[in-house]
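Each reported figure results from applying straightforward, stated rules to the coordinates on display, with no laboratory input. What you see is a predicted model; the values in this text were computed from it and never measured. Cβ placement follows ideal geometry from the backbone for every residue including glycine, while neighbour counts extend to all protein chains displayed.
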Amino acid sequence: MVVESEEVESESHSIECPVLVTERLVLRPPHEDDVPELAELANNRRIAEMLSRMPYPYSRMDAEEFVEGSSQAGDRKGCHYAVALAESGAFIGCAGLDTRQYGLELGYWVGEPYWGRGYATEVAHVLVDLAFRASDIDRLNVSCRVINDASRRVIHKCGFQYVGQGMMDSLVAGKVPVERYQLDRKTWVSLRSWGA
């Protein structure tokens, strides 16, 4: 296991969390109307096994607690978004930026019926841009389970560079190996035109 001791950012990063709109998606604060779809899509062992804090089974109460926790005011140390289709408004997943052990970290998940359509990449691109535009961070972090090929492809498409392996405590899968990646500001500036 590689320890990124020199790479640790200890300070918390306050960030504004505007509604974000892409070609096909809207990232907005989660709200009560999302609870039924959130509970249905998140109640999937295949998703929960890839994440650290998502329980399985995932109940309506879990969804209500997530929405309530995401909407609580206070000192913003990250952004939590519901991901919805721009055309229909259908809830399809969650994403966010959170202050973690190694600094600001990107996270996302998309419900299984929406896999394979490029939504996770679209979400990651807009959140990477937000992270660097709305804060003074020098680097953004992301990690994925070593068995999560789809997430690794998203991470690579965003320009993140591999920095090592570590372990993650998953509520569902226990202690599991993860790969850690970082994107520095200088690299992000050179990649800003994602679709070009």
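Quick check: is even one residue across segment 121-138 over 12 Å from the mean Cα position of the chain (by Cα) and among the β-branched types (Val, Ile, Thr)?
Taking segment 121-138 first, the residues over 12 Å from the mean Cα position of the chain (by Cα) are 129-130, 132-138.
Then keep just the ones that are among the β-branched types (Val, Ile, Thr); that gives 137.
Scanning segment 121-138, I find at least one residue that is over 12 Å from the mean Cα position of the chain (by Cα) and among the β-branched types (Val, Ile, Thr), so the answer is yes.
Report, by residue number, each residue of segment 147-170 that is outside any loop (DSSP other than H, G, I, E, B) and touching a residue at least 60 places away in the same chain (Cβ under 8 Å). Outline the logic, then answer.
Start the filter on segment 147-170 by keeping residues that are outside any loop (DSSP other than H, G, I, E, B), which leaves 149-157, 161-170.
Once the filter is applied, which keeps residues that are outside any loop (DSSP other than H, G, I, E, B) and touching a residue at least 60 places away in the same chain (Cβ under 8 Å), segment 147-170 yields Ser151, Val163, Gly164, Gln165, Gly166, Met167, Met168, Asp169, Ser170.
Select from segment 121-164 the residues that are in contact with a Ser or Thr (Cβ under 6 Å, 6 or more places away or on another chain) and closer than 20 Å to Arg192 by Cβ and write down the one among them that is surrounded by the most Cβ atoms within 10 Å (Cβ to Cβ). Outline the logic, then answer.
Our first condition is that a residue be in contact with a Ser or Thr (Cβ under 6 Å, 6 or more places away or on another chain); within segment 121-164, this holds for 122, 126, 144, 154, 157, 159.
Within this subset, residues satisfying the condition of being closer than 20 Å to Arg192 by Cβ are 122, 126, 154, 157, 159.
Details: Glu122: 20, Val126: 20, Val154: 23, Lys157: 15, Gly159: 17.
Here the answer is Val154.
Among (1) assigned to a strand (DSSP E or B); (2) touching a Cys at 6+ places or on another chain (Cβ under 7 Å); (3) not small (Gly, Ala, Ser), which single condition is Lys175 missing?
It is condition (2) that Lys175 fails.
Grab the strands (runs of 3 or more DSSP E) fully contained in segment 80-146, keeping just those with 1 or more residues being of a type in the set (Phe, Trp, Tyr). Explain how you work it out, then say what you get.
Values: elements: 91-100, 103-110, 139-145.
Once the strands (runs of 3 or more DSSP E) in segment 80-146 are filtered for at least 1 residues that are of a type in the set (Phe, Trp, Tyr), what remains is 91-100, 103-110.
Please work out which one of (1) over 20 Å from Gly103 (Cβ atoms); (2) loosely packed, with under 13 Cβ neighbours inside 10 Å; (3) not β-branched (Val, Ile, Thr) is the condition Met167 fails and give its number.
For Met167, the exception is condition (1).
Against the definition (buried (at least 19 other Cβ atoms within 10 Å of the Cβ), of a type in the set (Gly, Ala, Ser) and on the phi < 0 side of the Ramachandran plot), how does Gly107 come out, yes or no?
Numbers: buried (at least 19 other Cβ atoms within 10 Å of the Cβ): yes; of a type in the set (Gly, Ala, Ser): yes; on the phi < 0 side of the Ramachandran plot: yes.
It is true that Gly107 is buried (at least 19 other Cβ atoms within 10 Å of the Cβ), of a type in the set (Gly, Ala, Ser) and on the phi < 0 side of the Ramachandran plot.
Within segment 85-93, is there a residue that is touching a residue at least 24 places away in the same chain (Cβ under 8 Å), surrounded by 13 or more Cβ atoms within 10 Å (Cβ to Cβ), within 16 Å of Glu122 (Cβ to Cβ) and under 15 Å from the mean Cα position of the chain (by Cα)?
Within segment 85-93, one or more residues are touching a residue at least 24 places away in the same chain (Cβ under 8 Å), surrounded by 13 or more Cβ atoms within 10 Å (Cβ to Cβ), within 16 Å of Glu122 (Cβ to Cβ) and under 15 Å from the mean Cα position of the chain (by Cα).
Just one of (1) within 24 Å of Arg192 (Cα to Cα); (2) touching a helix residue (DSSP H, G or I) at 6+ places or on another chain (Cβ under 8 Å) trips up Ala90, so point out which.
Checking Ala90 against (1) within 24 Å of Arg192 (Cα to Cα); (2) touching a helix residue (DSSP H, G or I) at 6+ places or on another chain (Cβ under 8 Å), the one that fails is (1).
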